[in-house]
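First up is the structure itself, then whatever we jot down about it.
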Amino acid sequence: MSIELKGLINGVIAAVVSLALVFGLAAVLKPKETNSFSPKQNPAVSRNGLQVTTTLVLQGHQDYAQYCVKCHGDQGEGVMGPDIRNEDMTDAQITAIIENGQRPMPAFKDKLTADQIKGLVLFVRTLKK
Amino acid sequence: MDPSFFEKLHGGSTHFPIALIAASFLFDLLAYYFKNKTLELRAAAFYCLLLGALGAIGAVFTGLIITNWETFGHGALLFHHYFVWPAFALMMGIAAWRITVGDKASPNSYQFYLFFCAIATVCMGLAGYWGGELILGNGS
């Protein structure tokens, strides 16, 4: 066997094993209960009047996956609910809709903390057409 | 431990594979054209690739920890992952190939290597772009 063929086999094995390890560990370690958010004070960037942190955006992603994706879709393109990408609304308006609902969308102020709603607003802002 | 420790570690480690795979590709391209400096340039490319691959392992695992082991997700995170996984697999694959073959690659197989290295560089760059969009993009 030539050294190049041996290298090719090793390369394919390394690629497959590394992906299998990642996806296998993720399948085992991904928590079933996603609502375990503990807010932190670590503002990194200020955007649209909100303190942006990686934690808040990623928490927003988790809450979007749990509460919003069924109606608004994977990319915010709209399924049963409207398309929410590039909405021409302020953060305060989006926050108000999430908090109080907009029929038929339910209100979330009793389900989510203020920080979770901030995270959702930040995550929704990342959705693009 | 500071709860944002892994966020900071991801933010730091993620730049190593992005920069080093690009540097490795550049050194290899230069080695291809400047034959009188081939050995030195290929050595630089090899070590950049090796360090980049190690950085990629750190970046991937800290990323998985901060997203609660999410491998795809939604929105910008989904696009980030669309490019991260091919880039990660390619980087591990070409690093293993390079470690095995060393300097004994024929010109033909070296061209194939450069092709896959170019794809890994582009995927890594796009993964970085969407990671930045997730945290810093204004979304409008």
For region A:60-108, give me the residue count where each residue is open to solvent by 40 Å² or more (accessible area, probe 1.4 Å), under 18 Å from the mean Cα position of the chain (by Cα) and of a type in the set (D, E, K, R). 6
Every listed condition ((1) open to solvent by 50 Å² or more (accessible area, probe 1.4 Å); (2) at pLDDT 95 or above) holds for B:PHE5 save (2)
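Tally time: how many residues in region B:91-112 are surrounded by fewer than 22 Cβ atoms within 10 Å (Cβ to Cβ) and facing another protein chain (nearest Cβ under 7 Å)? Give the steps one after another, and end with the answer.
Of all residues in region B:91-112, those surrounded by fewer than 22 Cβ atoms within 10 Å (Cβ to Cβ) come to B:99-100, B:102-112.
Imposing the further condition that a residue be facing another protein chain (nearest Cβ under 7 Å) reduces the set to B:100, B:104-106, B:109.
Final tally of qualifying residues: 5.
Which one of B:LEU78, B:LEU54, B:LEU49 is more than 18 Å from B:TYR129 (Cα to Cα) and surrounded by fewer than 20 Cβ atoms within 10 Å (Cβ to Cβ)?
On the way: B:LEU78 fails: more than 18 Å from B:TYR129 (Cα to Cα); B:LEU49 fails: surrounded by fewer than 20 Cβ atoms within 10 Å (Cβ to Cβ).
Unique residue meeting the criteria: B:LEU54.
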Screening B:PHE34, B:PHE116, B:PHE61 for residues that are closer than 29 Å to A:THR126 by Cβ, among the aromatic types (Phe, Trp, Tyr) and more than 7 Å from chain A (Cβ to nearest Cβ) leaves only B:PHE61
Some residue of region B:47-65 being more than 20 Å from B:GLY125 (Cα to Cα) and either part of a helix (DSSP H, G or I) or in contact (Cβ under 8 Å) with a residue 12 or more places away in the chain (or both): yes
Per the filter on region B:86-115, residues free of Cβ contacts under 8 Å to residues at least 60 places away in the same chain and either assigned to a loop (DSSP other than H, G, I, E, B) or among the aliphatic types (A, V, I, L, M) (or both) are B:ALA89, B:LEU90, B:MET92, B:ILE94, B:ALA95, B:ALA96, B:ILE99, B:VAL101, B:GLY102, B:LYS104, B:ALA105, B:SER106
For region B:8-30, what are the residues that are part of a helix (DSSP H, G or I), β-branched (Val, Ile, Thr) and open to solvent by less than 50 Å² (accessible area, probe 1.4 Å)? B:ILE21
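Can B:ALA43 be described as over 23 Å from A:ALA65 (Cα atoms) and touching a residue at least 24 places away in the same chain (Cβ under 8 Å)?
Numbers: over 23 Å from A:ALA65 (Cα atoms): yes; touching a residue at least 24 places away in the same chain (Cβ under 8 Å): no.
No: the conditions fail for B:ALA43.
The values are calculated or read from the model by the stated rules, or taken from the named source; none is laboratory data. Here the structure is a predicted model, which is why all the values come from computation and not from measurement. For neighbour counting, all protein chains shown are included, and Cβ atoms are generated from backbone atoms with ideal geometry for every residue, glycine included. Accessible surface areas use protein heavy atoms only, side chains included; no ligands, DNA or RNA. Shrake-Rupley method; radii C 1.70, N 1.55, O 1.52, S 1.80 Å.
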